[in-house]
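J.: Just passing along the structure, written as structure tokens.
The values are calculated or read from the model by the stated rules, or taken from the named source; none is laboratory data. As the structure is a computational prediction, the values presented were derived from the model and not from experiment. Don't worry about glycine lacking a Cβ; one is built from the backbone with ideal geometry, like all the others, and counts go over all protein chains shown.
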Amino acid sequence: MAATLSASLTSNSALPQRKSCQPSRVFYNPRCRKIPFSYSFSHCKNIVKFSLRRTGVVVSAISGSPGIGSYVESGNTADLLESVKVFDLNGDGIPISDLWKIRKAVVAFARHFGCVFCRKRADYLASKKDLLDASGVALVLIGPGSIDQAKAFSEQTKFQGEVYADPAHSSYEALNFVSGFTTTFTPKAGLKIIELYMEGYRQDWNLSFQKDTVTRGGWQQGGIIVAGPGKNNISYIHKDKEAGDDPDIQEILKACCS
């Protein structure tokens, strides 16, 4: 998927250009053909027009994210998660709601364990680990994949929270996280990949092309919830609208630690 994304971003047909317009900055993807990708569209406003329609978006009083962010009542979502089981790094399966049954938790859902966006998300959340600890809030990351993939992710990222695998992708289905080609290949996601590579983040291509990820096409998006204490107490949900759609960290902290 990531290789396809790189190729898509560097395709001449993806960004039709007029000779009279010049991009302000040009970068090259070292893994693909050296075709320039425009970093800024601001000087060529008539070149590309994108229509991003939002459907079923519920924005909370604290949500400043372009994704789906809301305070929610327990109920349907908690009921759907009742039968979901995730697996820790030792291979032990536990009901997902046990992760917040007796504590409050920030639970991040990765796109997949090789995803460059998810490595950034792990650091983004771990940067507030001291504050979460002081508030008695657990930090958890769940990925749609195998236990071995989860172990590899944990070892590579040195993530300071707990890591769990969801081989059946059942938590993603229960939470109705979006999935699809059009939520993965977006202009904003393409620009963010470039920014992350410049920051030093890298996709794990081996994990990205393992059977579990390839079978699903790599189109799955994730999200972040704040839940607990109490199995049915889910107080906040952010559903990624597209790849790399992280909510503002202050939004999460307000939901979990205020």
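J.: Taking helices (runs of 4 or more DSSP H) that do not extend beyond region 138-189, which have at least 1 residues that are in the same structural domain as I225 (by TED's automatic domain parsing), more than 15 Å from I96 (Cβ to Cβ) and over 16 Å from the mean Cα position of the chain (by Cα)?
T.: By residue number, 147-157.
J.: So, one more: Pick from region 161-185 the residues that are of a type in the set (S, T, N, Q) and surrounded by fewer than 18 Cβ atoms within 10 Å (Cβ to Cβ): which of them is nearest to F113 (Cα to Cα)?
T.: The selected residue is S170.
J.: Another question, then. Need the failing condition index for A152 against (1) surrounded by fewer than 20 Cβ atoms within 10 Å (Cβ to Cβ); (2) touching a residue at least 60 places away in the same chain (Cβ under 8 Å), just the number.
T.: Looking at each condition in turn, A152 falls short on (2).
J.: Report yes if D212 is part of a loop (DSSP other than H, G, I, E, B) and either of a type in the set (S, T, N, Q) or at pLDDT below 95 (or both), otherwise no.
T.: no
J.: Give the number of residues within region 215-243 that are crowded, with 22+ Cβ neighbours inside 10 Å and modelled with pLDDT of 85 or more.
T.: Final tally of qualifying residues: 16.
J.: List, please: which pairs have Cβ atoms under 7 Å, are six or more places apart or on different chains, and start with a residue in region 229-258 that is in contact (Cβ under 8 Å) with a residue 60 or more places away in the chain and at positive phi and end with one that is among the charged types (D, E, K, R) and buried (at least 18 other Cβ atoms within 10 Å of the Cβ)?
T.: Every condition considered, the pairs that remain are G244/K192.
J.: In contact with a Phe, Trp or Tyr (Cβ under 9 Å, 6 or more places away or on another chain) and in the same structural domain as A126 (by TED's automatic domain parsing): does that describe G222?
T.: Yes.
J.: Also, I was wondering about something else. Kindly check whether there is at least one residue in region 94-103 that is without any contact (Cβ under 8 Å) to a residue 40 or more places away in the chain, farther than 29 Å from I193 by Cβ, not in a strand (DSSP E or B) and not small (G, A, S).
T.: The answer is no, given that none of the residues of region 94-103 is without any contact (Cβ under 8 Å) to a residue 40 or more places away in the chain, farther than 29 Å from I193 by Cβ, not in a strand (DSSP E or B) and not small (G, A, S).
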